[in-house]
Each structure stands twice: as structure tokens, then as C-alpha cells.
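Report on the following structure.
Each value in this text was obtained by applying a stated rule to the coordinates, not by laboratory testing. As the structure is a prediction and not an experimental result, all values here were calculated from the model. Please note: Cβ atoms are built from the backbone with ideal geometry, for glycine as well, and neighbour counts cover all protein chains shown.
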Amino acid sequence: MPAARIAMVRLLVGLYGCIYLVVRLPHFWSYGLDDLDRFVPVGVVAWADAPMLPELYRAILLVTVALSFSFFLGVRHRVLAPTYALGLLFCLTHSNSWGKILHTDNLFLLYVIVLAAAPSADALSRDALRRQAKGTDPPPEDGRHGWPIRLMTLVCAVAYLLAGIAKLKNSGLDFAQGDTLRNYVAFDNLRKLQLGSVYSPIGAWLLPYAGFFSMLAWVSYVLELVAPLVCFWRRAGRIWCVLVWGFHFGVLVLMAISFAFQLTFIAFAPFFDVEKLATRKRVKALLERLRLVPAQTG
Amino acid sequence: MLGGARLAALVFSVGFLAIAIYPAQWDANDDSFPLSNYPMFSQGRPSPDIVLTHAVALTDSGERVPIEPMVSAGNREVLQSMRTIELGVRSGADAFCQEVAARAREAGLNASIGAESVEIVTQRWDAVAYFAADDGDAAREGTDRRVHARCDL
């Protein structure tokens, strides 16, 4: 598999991380709290009895934001990328340790961990350009650039499979047969409205059409449960990605819940030949400007 | 790809995948991060009823206006604000109400919407009926209203 494919996935996931962390910085910043009553630690944060000192958490957060740029640009990848992954793991886990776990960042974080552990900066990176300037041969294109791609597609599929299994375990086929999804859409929109936030008037408007929600429930059930199968058939995998993107778009429209990583389609990049993007004129020019590929002369 | 690197990639991949799948055996209430069994919206919900604790501003015109998450909980995330309000009530509704009122004063809710006081309240609604109803209908008012604390702005 070409080194450029995993490198392009790193660029896309890295760019998403830079923008996401900067835009959400005030949100993450607000979790610099020392309120023991509200601290419900999960994951790696659960090893501590009390929240980290707010100043220290905020310092780690700022370092993580800075490292998101080095990850994107592929600077000192072997050292800085794992550091970024650790920082991101800590900051996102800390922000989910206040009583409510959100599920919008899981896949993004898991991808970053895989990309940080993989040689994803062997191309389209400052590291690669520096190596080239020194006259060092680039690493050969072989399996080393393929396993992270396959792992990410499997991790993506597993996430959806687990969501399907959870529905099977917790509500069986009632999820699709009954009014469960319609009630969830009504419930979620009303709680947002009563909590002074944005809700979906479209979801509220469609509530009288119970059959519509039952159909959507069946579609989401099938998409989730067939997820692992599509990893072994490229064409089906790509169709599945488009359908799952449609599912997330539906969730956005009906419930005002934004799975930004999925909605940008970056979550599905490992399923596609994304290295071809680098051959497009505009992308090429951008990569040159970012000094991720050698500048063309003449 | 050399033998050692191939083995390392294989071990990492199998291990990572095993860790990602591991939550499949968790109980529905045992969620975590970033590993998760993704239990959101998986429980059966045969009833459209919703019981919610939230913060509302009482205005000079007698209206009850839900208070936005940044003011009610000091957080932009709506579901986190819901949890913060629940935990706030559990650890002392009066003190929590004062906290919300302080943020409401800071946000200028008295001037912007004519808020006179803040209420922390638990209420029940039929969510489907709510959206089918018109303003002023009983379905919009909700039932089983329980005021935990009220404080002036």
C-alpha cells in the first residue's frame, strides 16, 4: 500500500484535530474544575480520586492543541505524535469525567492513537521532506503502510457493531419494531428545548409519522450489525460509508446531534484511495505551501 | 517489511482491536471513554414520557424561560449541563440555585429577558404530545412539577 495513503489519512485526521481543538477550546477549557462533587472519572482519569489541578489540566490542554499542529504537519512524528495521542487521550477523557459521557470523539481519538503508532509521516510530511533534503531514501512501500489503514477500518466497523449489539442486548428488536426511536427523537428534542439549547424542529415536525421512524430504526440496525462484513469487500465498504454518513446526517437533522468527525467524512477516509487527493492541483499547491511536498520548480 | 516490524504491527493491531471490542461484554450501564459499548439510545423507550430537572428563569411577564447551558451549568454542552444540574440538586439545591443566579446576573438575563428569579425544577412531559400541542395547551405545561429551589436575581 502506498505511504501516501496513510499519510493523507494523517493529514485529514490531523487537520480535523487542529480545527476541532481550537474551535472547542473554550468548551474543553471549562472543564478545568476542582469540584469533587461533580467529578465522575472514567477511563485513564479513573486512576485518580480527584480531578487534576485546573491549571495543570489547562496547561496539558494547551500543549495538546500545539501538538495537534505538529501531528498534522508530520513534525518529529516518532516522538511528538505519541505525545499528542497521550495528551488528547487525557484531555478528552478528562472532559468526559463530569457525569456525562459523550460518544462523538471516540473514533477520532482511536484513529489518532493508531496513526501516532504507525509510520504515517513517511510521506506528505515535514519529516519526509527533511529526509529527502538529507538525501536519505524514503522507506519502501510495503506492508508497513497498510496495516494501520486496515486497523482503522476495523476499529470503525467495531464501533458501529458495538452500537448494534448494545441495541440488541438492551431492547432487542423492539428498538426497530416499536416506537422507541420516535420516542427518543421526541425525548431528545424536548430535553434540549427545556435545557435552553438548540433542538431540531424538523425532528419534532416528523413525530406524527411513526412508520418513518420505524424504518429509520431498521436501517440503523442493519448498518450497525453488518459493519464488520463490509471491511472485507472494498466496494461494499465504500457504499456502507456513504450510508452511515447519511445515518449521521439524519441524526443531525432529526436530533441536532453532530457527530462532526463522521459528518466531515474523515472518519471514513481509510476506506478510500485518499492519496489521490494529493494529485489534485489545488491540494498539491496547498501541500507545497505547507512544505509537506517538495516545491515544483519551473 | 522486516520480520520484527511485521510482528510488532501484528501484535499492536490484534491487541488494539481486542481492546476496542472488549466493551461488548459490558453491562449497559458500564460505559467509559474512549472505550465504549455505545449504549446511547439503545434502551427500549416504549413511553414518550420524560422527567427532566432543569433551570428556568421567571420573567417579569410571568413567563418561564429555560436557561441556556452556559448559564445553568457553566458549560456549553447541553447533555453535560443536564448532568451538572442533577448533581447540583443532589449536592444542595439552594446553593446550586445561587450559583446559577450568579451566572444569570453576569450574563445579564435580567436586562435581556426581564428575568426576576431562577428556579431549579423537575417536571414530567409526554414528549410526543408536547410537540403536537399548541402554546398554552396542558401538554406544554407538563405535570408533577417539583421546585427544588428558587432564588432572586
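State the number of residues belonging to the stretch B:28-72 that are part of a loop (DSSP other than H, G, I, E, B), at the interface with another protein chain (Cβ under 9 Å from one of its Cβ atoms) and not β-branched (Val, Ile, Thr).
Residues that pass the stated criteria total 20.
Could you list, in sequence order, all residues of the stretch A:143-158 that are more than 7 Å from every other protein chain (Cβ to nearest Cβ) and under 15 Å from A:Asn106 (Cβ atoms)? Break it down stepwise before answering.
Initially, the stretch A:143-158 is screened for residues more than 7 Å from every other protein chain (Cβ to nearest Cβ), giving A:145-146, A:148-150, A:152-153, A:156-157.
A:Met152, A:Cys156, A:Ala157, listed by residue number.
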Within the stretch B:90-109, considering residues that are farther than 11 Å from B:Ser72 by Cβ and under 18 Å from the mean Cα position of the chain (by Cα), the one surrounded by the most Cβ atoms within 10 Å (Cβ to Cβ): B:Ala93
All positions within the stretch A:26-40 that are surrounded by 14 or more Cβ atoms within 10 Å (Cβ to Cβ) and aliphatic (A, V, I, L, M): A:Leu33, A:Val40
Residue that is of a type in the set (Lys, Arg), more than 13 Å from A:Val13 (Cβ to Cβ), out of contact with any helix residue (DSSP H, G or I) (no Cβ under 6 Å at 6 or more places or on another chain) and free of Cβ contacts under 8 Å to residues at least 24 places away in the same chain, where the choices are A:Arg130, A:Arg76: A:Arg130
Residue, farthest from the other protein chains (Cβ to nearest Cβ), within the stretch A:160-179, restricted to residues that are surrounded by 22 or more Cβ atoms within 10 Å (Cβ to Cβ) and free of Cβ contacts under 8 Å to residues at least 60 places away in the same chain: A:Phe175
Where A:Leu61 falls short, out of the listed (1) within 14 Å of chain B (Cβ to nearest Cβ); (2) more than 21 Å from A:Cys156 (Cα to Cα); (3) assigned to a helix (DSSP H, G or I); (4) not hydroxyl-bearing (Ser, Thr, Tyr): (1)
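Over 25 Å from A:Gly32 (Cβ atoms) and among the hydroxyl-bearing types (Ser, Thr, Tyr): which single residue out of B:Thr84, B:Thr59 fits that description? Spell out how you get there, then give the answer.
Values: B:Thr84 fails: over 25 Å from A:Gly32 (Cβ atoms).
After applying the criteria, what remains is B:Thr59.
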